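Please read through the structure below; I'll follow up with questions.
The values are calculated or read from the model by the stated rules, or taken from the named source; none is laboratory data. Source: prediction; values computed, not measured. Don't worry about glycine lacking a Cβ; one is built from the backbone with ideal geometry, like all the others, and counts go over all protein chains shown. We work out accessible area using only protein heavy atoms, side chains counted, and drop any ligands, DNA or RNA first. Shrake-Rupley method; radii C 1.70, N 1.55, O 1.52, S 1.80 Å.
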Amino acid sequence: MNLSFFDQFMSPQLLGIPLILLSTVFPALMFPSPTNRWVTNRLSTLQLWFIHLTTKQLMLPLNKKGHKWALILTSLMTLLLTINLLGLLPYTFTPTTQLSMNMALAFPLWLATLLTGLRNQPTMSLGHLLPEGTPTPLIPALILIETTSLLIRPLALGVRLTANLTAGHLLIQLISTATITLLPILPTVSALTSLILLLLTILEIAVAMIQAYVFVLLLSLYLQENI
């Protein structure tokens, strides 16, 4: 029973071939490509409105130098949001429940923000490791603490996204299993658990959207510190 609950987090396979790449790329293929027509359909209009709104929100904390990152941050936001939402559908797989994938997204982007700061303003970037006015005896300890907090940022990004999505999917499967099990025995209790399942599904939709936004927003804040 315990293994069946965690089977949903295993990469789907076809003839022994993992389909993790297909499950990662396929959501991006659902977005219509932009055209040069003056009049577009409703789906393209909604897509452009969403991308414009997302880009505006992500670029608010950044100055003009950080606007060069608009394309990559918006693309990352769209990718994470699509994968998280489609992973809530039945018989689907959510790649962002894998810590390896989230770390593969978080670590290179965090490292890019750090190297950007060290290249453009090394003094200010290193100055974040030691707050101004620190007493002399506390300097070694504070430098060690700030360095640890700096290096743990990509791990926190990946673990946060993985833990939230994994917990939500496990709760949905547990409650759905309880609903099906109680249906022939206690129909009234089964109806109540199905109502809880509906509310939890709505909550998970919100969590999937919020976690994608938080992941990219934290990256933009790390970028702002280094520019």
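Can you name the number of the only condition in (1) open to solvent by 30 Å² or more (accessible area, probe 1.4 Å); (2) within 17 Å of Ser23 (Cα to Cα) that Glu146 fails?
Answer for Glu146: the failing condition is (2).
Going by the structure shown, is Leu144 among the aliphatic types (A, V, I, L, M) and touching a helix residue (DSSP H, G or I) at 6+ places or on another chain (Cβ under 8 Å)?
Here the answer is no, as Leu144 does not meet what is asked.
When Ser75 is evaluated against the numbered criteria (1) open to solvent by less than 50 Å² (accessible area, probe 1.4 Å); (2) within 13 Å of the chain's Cα centre (by Cα), which criterion, by number, is the only one it fails?
(1)
Can you tell which of Ala212, Ala208, Ala178 is surrounded by fewer than 17 Cβ atoms within 10 Å (Cβ to Cβ), aliphatic (A, V, I, L, M) and either assigned to a helix (DSSP H, G or I) or touching a residue at least 12 places away in the same chain (Cβ under 8 Å) (or both)?
Ala178
Let me ask something else about it. Go through the range 119-136 residue by residue and tally those that are open to solvent by 70 Å² or more (accessible area, probe 1.4 Å), touching a residue at least 60 places away in the same chain (Cβ under 8 Å) and over 17 Å from Ser149 (Cα atoms).
1
Moving on. Which pairs have Cβ atoms under 9 Å, sit 6 or more apart or on different chains, and link a residue in the range 1-25 that is hydrophobic (A, V, I, L, M, F, W, C) to one that is loosely packed, with under 10 Cβ neighbours inside 10 Å and modelled with pLDDT of 70 or more?
Once the first residue is hydrophobic (A, V, I, L, M, F, W, C) and sits in the range 1-25, its partners that are loosely packed, with under 10 Cβ neighbours inside 10 Å and modelled with pLDDT of 70 or more give Leu22/Leu14.
Yes/no per residue for (1) surrounded by 10 or more Cβ atoms within 10 Å (Cβ to Cβ); (2) at pLDDT 75 or above:
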residue: Leu3; (1), (2): no, no
residue: Asp7; (1), (2): no, no
residue: Leu15; (1), (2): no, no
residue: Leu19; (1), (2): yes, no
residue: Thr24; (1), (2): yes, yes
residue: Val39; (1), (2): no, no
residue: Ile51; (1), (2): yes, yes
